Amino acid sequence: ETGVTQTPRHLVMGMTNKKSLKCEQHLGHNAMYWYKQSAKKPLELMFVYNFKEQTENNSVPSRFSPECPNSSHLFLHLHTLQPEDSALYLCASSQNLYEKLFFGSGTQLSVL
Amino acid sequence: GDSVTQMEGPVTLSEEAFLTINCTYTATGYPSLFWYVQYPGEGLQLLLKATKADDKGSNKGFEATYRKETTSFHLEKGSVQVSDSAVYFCALLLRDDKIIFGKGTRLHILP
């Protein structure tokens with residue numbers, strides 16, 4: 001148990017659906033991240049929040065929309081996704097930017 | 001540009017075998033180096049790290065030494081167990097606070 005909880009664990013959605021992924025950490029960390037993990041590719045950093053402010057958006061398509069209402073919660077809102085967006089989406093947190101990352105177990109997303 | 005290269009997997013070994021997973025990097029400056037491990041169905045966990053040249057990180061019987069001259073950070077363990085089966089990621093943290101992960105190496109340990 002890393003202290004970072006992601007829900008749901010699995011999600012199947014059609015291309016016209018709207019869904020949200022949730023991440024919660026009770027570690028008192030200041031930075032939170034969304035990563036995309038696809039087979040045989042390096043982990044792709046999507047978004048970074050530090051003290052609730054977005055500090056990085058790695059050219060992520062607008063069909064992915066992050067939200068960080070407070071330093072303990074991070075959401076990823078999904079809208080009109082494509083099949084190639086199917087992947088494991090990992091949330092992580094750290095005390096300070098890019099120091100030791102604590103990862104959640106991820107949400108396995110399948111887009112049909 | 002900055003990058004991390006890991007050996008392709010999967011790596012399959014018998015229990016108690018010696019393990020090496022190679023990792024080399026390209027970076028400007030002097031990054032910190034990490035190994036993360038991802039057990040089945042879980043997120044990544046930090047396994048060990050080294051912050052400067054010649055540092056050796058160690059944890060759970062795993063070791064890796066920061067070699068500046070060969071820009072490498074190979075992961076080693078003297079005697080692997082079935083419970084070590086996982087995906088291992090090499091990563092580097094650059095001075096501008098960018099972290100770059102390798103593609104991961106899947107390890108299978110046979111009883």
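FYI, it's all coordinate maths here, none of it is from the lab. Owing to the predicted nature of the structure, the values given are computational and were not obtained by experimental measurement. Please note: Cβ atoms are built from the backbone with ideal geometry, for glycine as well, and neighbour counts cover all protein chains shown.
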Out of the range B:65-98, which residues are within 14 Å of chain A (Cβ to nearest Cβ), buried (at least 17 other Cβ atoms within 10 Å of the Cβ) and either free of Cβ contacts under 8 Å to residues at least 40 places away in the same chain or farther than 13 Å from B:P31 by Cα (or both)?
-> B:A86, B:V87, B:Y88, B:F89
In the set A:K36, A:K40, the lone residue that is under 26 Å from A:G14 (Cβ atoms) and in contact (Cβ under 8 Å) with a residue 12 or more places away in the chain is A:K36
Unique residue being touching a Lys or Arg at 6+ places or on another chain (Cβ under 7 Å), surrounded by fewer than 18 Cβ atoms within 10 Å (Cβ to Cβ) and within 13 Å of another protein chain (Cβ to nearest Cβ) when the list is B:P10, B:P40 | B:P10
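Surrounded by fewer than 21 Cβ atoms within 10 Å (Cβ to Cβ) and among the aliphatic types (A, V, I, L, M): is that true of B:A53 in this structure?
yes
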Is the range A:70-79 home to any residue that is more than 26 Å from A:G14 (Cα to Cα), touching a Cys at 6+ places or on another chain (Cβ under 9 Å) and aromatic (F, W, Y)?
-> no
Strands (runs of 3 or more DSSP E) wholly inside the range A:69-112 that include at least 1 residues being under 18 Å from A:Q6 (Cβ atoms) and either at the interface with chain B (Cβ under 10 Å from one of its Cβ atoms) or among the small types (G, A, S) (or both) = A:87-94, A:107-111
